[in-house]
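The values are calculated or read from the model by the stated rules, or taken from the named source; none is laboratory data. No experiment lies behind these values; they were computed from the predicted model shown. All Cβ positions, even for glycine, are placed from backbone atoms using ideal geometry, and neighbour counts span all protein chains on display.
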């Protein structure tokens, strides 16, 4: 085999690998796009790691997202 033929074979193998990677990434992007489009509700937010501060007059407002409903703040003084 001549050196030109070796380079040609190497070039062809690299071109096939690049085309395969491009095809894989394209299909993966399409699948991700379809999964995101079919998602109706977003994931719930993570639970807070620290509790809310215990200050007089401080109340946690009700959220508008899915999950547990916030308890109404007591108005005792």
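Among the residues of region 53-72, which ones are at pLDDT 70 or above and either loosely packed, with under 10 Cβ neighbours inside 10 Å or touching a strand residue (DSSP E or B) at 6+ places or on another chain (Cβ under 6 Å) (or both)?
Selection gives 53, 54, 55, 56, 57, 58.
Looking at this structure, is residue 75 modelled with pLDDT under 95 and within 28 Å of the chain's Cα centre (by Cα)? Please lay out each step first, then the result.
On the way: modelled with pLDDT under 95: yes; within 28 Å of the chain's Cα centre (by Cα): no.
Taking the combined requirement at face value, the residue does not satisfy it.
Confirm whether residue 50 is surrounded by fewer than 10 Cβ atoms within 10 Å (Cβ to Cβ) and at pLDDT below 75.
The answer is no for residue 50.
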